[in-house]
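Worksheet: one structure, shown below.
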Amino acid sequence: MHSRLLLLVEDDPLVRLTLAEALSEAGFEVLEAEDAETAIGVVASRDDLSVLLTDINLPGADGFTLARAARRLRPDLAVVYASGRLHEPDPRRALPGAAFLAKPFSVSSAVQALEGALER
């Protein structure tokens, strides 16, 4: 059984709160960050982190930049990108093996993407 410690990075507070609650109910332990700078601090401080769910469009550094920095610190970290603007991530910028969720998405599709990313 993989660890289910998730870092959720979303700049919209209402979306972040709602999704964090739903993912907690689905069995994940959820840590939250509103931007890449805060998130990378969490990644650096938590060696038990198993998966990163990040919005691509963040203030400051975007989700692609965050995921690359997170993987430098935690090479085995599973990554799931989310975006309301893209239908699929730019393959030149997305990490190999990362999953993608187009917003709006259901909680069940988020759980499925997260569990799939953890299996890789």
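Table: residues versus (1) out of contact with any helix residue (DSSP H, G or I) (no Cβ under 6 Å at 6 or more places or on another chain); (2) among the small types (Gly, Ala, Ser); (3) at positive phi.
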residue	(1), (2), (3)
Thr18	yes, no, no
Ser24	yes, yes, no
Val30	no, no, no
Val42	yes, no, no
Arg46	yes, no, no
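Each residue in region 30-56 was checked for being touching a strand residue (DSSP E or B) at 6+ places or on another chain (Cβ under 6 Å), under 20 Å from Phe105 (Cα atoms) and not aliphatic (A, V, I, L, M), and 3 pass.
Residues checked against (1) part of a helix (DSSP H, G or I); (2) of a type in the set (D, E, K, R):
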{"position": "Ala82", "(1), (2)": "no, no"}
{"position": "Arg92", "(1), (2)": "no, yes"}
{"position": "Phe105", "(1), (2)": "no, no"}
{"position": "Gln112", "(1), (2)": "yes, no"}
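Selection of region 95-120 for residues being touching a strand residue (DSSP E or B) at 6+ places or on another chain (Cβ under 7 Å) and modelled with pLDDT under 90 yields only Arg120. Of the residues that sit in region 63-76 and are touching a residue at least 12 places away in the same chain (Cβ under 8 Å) and out of contact with any helix residue (DSSP H, G or I) (no Cβ under 7 Å at 6 or more places or on another chain), which one is surrounded by the most Cβ atoms within 10 Å (Cβ to Cβ)? Among residues in region 63-76 that are touching a residue at least 12 places away in the same chain (Cβ under 8 Å) and out of contact with any helix residue (DSSP H, G or I) (no Cβ under 7 Å at 6 or more places or on another chain), the one surrounded by the most Cβ atoms within 10 Å (Cβ to Cβ) is Gly63. In region 80-99, the residues that are more than 16 Å from Val15 (Cβ to Cβ) reach residues that are at pLDDT below 85 and surrounded by fewer than 18 Cβ atoms within 10 Å (Cβ to Cβ) with C-beta atoms within less than 7 angstrom, at least six apart or across chains, in these pairs: Gly97/Arg120. Checking each residue in region 83-110 for being over 19 Å from Thr65 (Cα atoms) and not small (Gly, Ala, Ser) picks out Lys103, Pro104, Phe105, Val107.
The values are calculated or read from the model by the stated rules, or taken from the named source; none is laboratory data. What you see is a predicted model, and the numbers here were worked out from it, not measured in a lab. As a convention, Cβ positions derive from the backbone with ideal geometry for all residues, glycine included, and neighbour counts pool all protein chains shown.
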